[in-house]
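Peer 1: Just passing along the structure, written as structure tokens.
Any read-out appearing in this document is the output of simple, stated calculations on the displayed coordinates, not a laboratory observation. These numbers come from a predicted model, not from an experiment. When we count neighbours, we look across all protein chains shown, and the Cβ atoms used for this are built from the backbone with ideal geometry, even at glycine.
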């Protein structure tokens, strides 16, 4: 439930009547942004909103503004020496075969593969030891590779497959159904599907979720009433049966899935990104009625397995770090739950495969995995290659083996085959990237935040680093929505580390690294803790001479974009370069667009009460900008098809910062075209964005890329 515009053209030459000084750094001639007299009253306080007109993603004025800003940004970036060299190096690093962990459906083994720099991964399949064949290639869907595969689900016998495609990175999806053997399309394409899984009921049809299509802009209009439908194959989408949601049972987010035994439909409903109610429906009994298992939204619960009339549920009721319980489906309410795997001091998620439970714990932001029998007996703790992130450990209950992937900041993703009976892991696919982990170091440190809270941070760099405060350092954070930031390998970060730089990741409050208490400590009236934690991370790096204010950059996306925006407005003296990406930057109006109202558990809204309004106004990046202030060199990034965090946030922040900037440090906005919030972005756009980012950072730190 973490579901936490206009067509813009990137111009390569200035066509906008501005005359940029040829000397890089003299940024006193930004494109002009008109101001309106728009103002709003909040509890007797008048708040000006002069750039409200930029919220209209369909207006010609907004489109012209985007073109002008993109032209200005591209002129600046293209004048930086070394940008093309960085892009060439990134392309070289990227150009190796990449694989996903395989999975079995209908007698075939399926896996994703990218030959090197293909824009989208291709889905292959093979029979036994036969030669692999292409099953589904999203690169054929669009000339620019901007249409991506956004979800796929096979029927239980593997004979049918339904898959979602996203065009231009939008959260609005199309669903196509194939006969898996012939790859021939069955029925019509389903349209306007959003925030949805796909779950088959036998081979007759499947469940999916969506909203009514907005009457206004599909990319920015508020979405409120989610609906769960059942689609019968070879019938029109307009005839699909509404199962749950809409006006009768209003929920912002609804998910429905059939249990592996094919007996139950489990429905989860939520009005925010935290907390859900839960329902059970026996689809094998024509007389069955919908049974409400959980009647409030105060906790989170998820059915992970069902067998012999019993439900296995992961919950945080009475267990902030979560536990696994079992209950009879005939009486599934919480008072009847019995603990199977108890809560520990570490946050828990649970998956299933081979008639086992795999308990995945987060221990100081790194993975620990334990294998349990179905009756809750601990069988073993699985030996992992080191401190990092293990993902996978799921599959069908009849399988004897599973595949998982392990990675860290210096361990390229490696796929392991795991024997469930013996507990033995063998390397299945090793990453082919040209990277020697022995030359690099990754270590975890702990520092104190403003209120004394101990915060973990992982630092990664090339061995032999000299602590002189002159190492180009990028500090990354997120801090929200119970999201865990765990170690993962990044090709892009090799550029930084090979320049003697440091990649630092702070596991600040608001995330889920230490369970619900850690999350709640960074929500609503506690949100300032998140920014204090990040500022304290920067202070630690400076005090320990890893970096200094002249060599420190900060980066974050989405909620992390808010983090960067808040920190750069609160402590502009602390950072040299800032990268707020696809950020939530107008905290007074975020809830008025797409699914933004569902983020209120973390943020609260300006309409709740005066105390909440005052709190939001104080840190809201758009409103916290002070006139005639020297802000760090900043490159704001967003995308024209971002319908998760609408680009108007970034547009208004850029215009506000550009007007306020009182020194020659650049304030740029880079608006990606035919792209969304991030998922499904083609490889060529990823590489170009990374090259622009490193070039901007190095240039503003006075570093020449070699």
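Peer 1: Over 45 Å apart: what share of the alpha carbon pairs of the chain falls there, rounded to a whole percent?
Peer 2: 19
Peer 1: Going by C-beta contacts inside 10 Å, put 235, 704, 83 in order with the fewest on the left.
Peer 2: The most exposed by this proxy come first: 704, 235, 83.
Peer 1: Order of 473, 189, 389, 62 from fewest to most other C-beta atoms within 10 Å?
Peer 2: So the residues, fewest neighbours to most, are 189, 62, 389, 473.
Peer 1: Then there's this: If each residue's Cβ is checked for other Cβ atoms within 10 Å, how do 663, 630, 567, 353 rank with the fewest at the top?
Peer 2: With the sparsest Cβ surroundings first, the list reads 630, 663, 353, 567.
Peer 1: Kirkwood hydrodynamic radius for the range 425-535: how many Å is it when counted over pairs of different Cα atoms?
Peer 2: Radius from the Kirkwood sum: 15.5 Å.
Peer 1: Can I ask one more? Apply the a/c threshold of 1.5 to the C-alpha gyration tensor of the range 369-485 and tell me whether it is rounded, prolate or oblate.
Peer 2: oblate
Peer 1: Two decimals is fine: what is log10 I(q)/I(0) at q = 0.13, 0.22 Å⁻¹ for the range 431-482, from a Debye sum with one equal scatterer on every Cα and no solvent?
Peer 2: -0.50, -1.06
Peer 1: Then there's this: Please give the per residue volume of the convex hull enclosing the alpha carbon atoms of the range 216-372, rounded to a whole number of Å³.
Peer 2: 166
Peer 1: Please report the orientation-averaged projected area of the range 579-638, defined via the convex hull of its C-alpha atoms, in nm². Show your work: numbers first, answer last.
Peer 2: Numbers: hull surface 19.4 nm².
Directional mean of the projected Cα hull area for the range 579-638 stands at 4.9 nm².
Peer 1: For the range 136-223, how big is Rg over Rh, using alpha carbon atoms and the Kirkwood form of Rh? Display every interim value, and only then the final one.
Peer 2: Details: Rg = 13.7 Å, Rh = 13.8 Å.
Result: Rg/Rh = 0.99.
Peer 1: Now a separate question. Report, largest value first, the span of the C-alpha coordinates of the range 344-432 along each principal axis, in whole Å.
Peer 2: That gives 38, 30, 18 Å along the principal axes, largest extent first.
Peer 1: Moving to a separate point now. Given the peptides 611-619, 652-660, 436-444, arrange them by the average over their residues of other C-beta atoms within 10 Å, most packed first.
Peer 2: Per-residue Cβ counts within 10 Å, averaged per peptide and sorted highest first, yield 652-660, 611-619, 436-444.
Peer 1: If the viscosity is 1.306 mPa s and the temperature 10 °C, what Stokes-Einstein diffusion coefficient in µm²/s follows for the range 637-706 when Rh is the Kirkwood radius over Cα pairs? Working shown, then result.
Peer 2: Values: Rh = 13.6 Å.
Taking Rh from Cα pairs, D becomes 117 µm²/s.
Peer 1: Please report the projected area of the range 482-573's Cα convex hull averaged over all directions, in nm².
Peer 2: On the way: hull surface 25.7 nm².
That works out to 6.4 nm².
Peer 1: Related question: I need the P(r) histogram for the range 97-138: all alpha carbon pairs, bin width 10 Å from 0 out to the longest distance, whole percents.
Peer 2: 31, 56, 13, 0
Peer 1: While we're looking at this one, here's another question. Let me have the relative contact order for the range 97-138, percent, based on Cα pairs under 8 Å that are six or more residues apart.
Peer 2: Relative CO of the range 97-138 lands at 30 percent.
Peer 1: Considering the range 503-622, what Rg and Dmax in Å follow from its alpha-carbon atoms?
Peer 2: So, for the range 503-622, Rg and Dmax equal 14.4, 44 Å respectively.
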